[in-house]
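The values are calculated or read from the model by the stated rules, or taken from the named source; none is laboratory data. Because the structure is a prediction, the values reported are computed rather than measured. Neighbour counts run over all protein chains shown; Cβ positions are idealised from the backbone, glycine included. When the accessible area is computed, the model is the full protein with side chains, heavy atoms only, and any ligands, DNA or RNA have been set aside. Shrake-Rupley method; radii C 1.70, N 1.55, O 1.52, S 1.80 Å.
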Amino acid sequence: MDLVLVGTFESAALAATAQERMEALRILAEAEWSDDHWQRPDERMPRQIINELAKLSLYDMGRHDVDIYALDHTVTRDDAVITVKTEESDIQGFLKVLLNVGARVEIFSRHRWNEDRTPKIDAEA
């Protein structure tokens with residue numbers, strides 16, 4: 001997939017909060033990357049991740065939601081709008097942060113839509 005998530009916030013301050021949380025999650029995910037050996041319960045959600053999620057007030061996020069931030073994606077902000085671009089189809093971790101901070105979210109595929117949110121004319125039905 002080649003997805004774009006656009007989160008529109010009531011204020012630039014809220015968008016900045018979402019961007020800061022996403023950056024913190026990226027750093028955390030890269031440091032605590034899951035190797036998918038989940039034989040023991042403590043490997044599912046290390047204490048470090050639990051503590052960091054609590055600091056960010058992201059109590060509804062799971063291990064996989066955090067891991068997605070270690071994969072290739074970009075997060076940009078323009079005033080009160082956050083744009084996330086990813087080739088991953090699992091976007092729940094991004095959605096949880098955007099919605100937790102109060103965004104209205106739009107999601108579209110760059111295979112069928114242009115960056116300006118107009119349909120691609122040559123896209124097959």
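Side notes on the structure shown:
- Beta carbons closer than 6 Å, at least 6 apart along the sequence or on distinct chains, pair a first residue in the stretch 59-82 that is polar (S, T, N, Q) with a second that is surrounded by 11 or more Cβ atoms within 10 Å (Cβ to Cβ) for Thr74/Lys85; Thr76/Thr83.
- Pairs where the first residue, in the stretch 86-112, is at positive phi and the second is open to solvent by less than 70 Å² (accessible area, probe 1.4 Å) and part of a helix (DSSP H, G or I), C-beta under 7 Å, 6+ apart: Gly102/Leu14
- Candidates in the stretch 4-36 are the residues that are part of a helix (DSSP H, G or I) and among the β-branched types (Val, Ile, Thr); of these, the one that is surrounded by the most Cβ atoms within 10 Å (Cβ to Cβ) is Thr17.
- Among residues of the stretch 11-36 that are over 15 Å from Met61 (Cβ atoms), those with a Cβ under 7 angstrom from a residue that is at pLDDT below 95, sequence gap 6+ or separate chain, pair up as Glu30/Ala70; Trp33/Asp67; Trp33/Ala70.
- Residues in the stretch 82-112 that are among the hydrophobic types (A, V, I, L, M, F, W, C) and buried (at least 16 other Cβ atoms within 10 Å of the Cβ): Ile82, Val84, Ile91, Phe94, Leu95, Val97, Leu98, Val101, Ala103, Phe108.
- Residue list for the stretch 88-109, filter: at pLDDT below 95 and under 14 Å from Thr74 (Cα atoms): Glu88
- Once the stretch 45-63 is narrowed to residues that are out of contact with any helix residue (DSSP H, G or I) (no Cβ under 7 Å at 6 or more places or on another chain) and farther than 17 Å from Ala18 by Cα, the residue that is most open to solvent (accessible area, probe 1.4 Å) is Arg47.
- Subset of the stretch 64-81 (residues that are on the phi < 0 side of the Ramachandran plot, open to solvent by 70 Å² or more (accessible area, probe 1.4 Å) and charged (D, E, K, R)): Asp72, Arg77, Asp78
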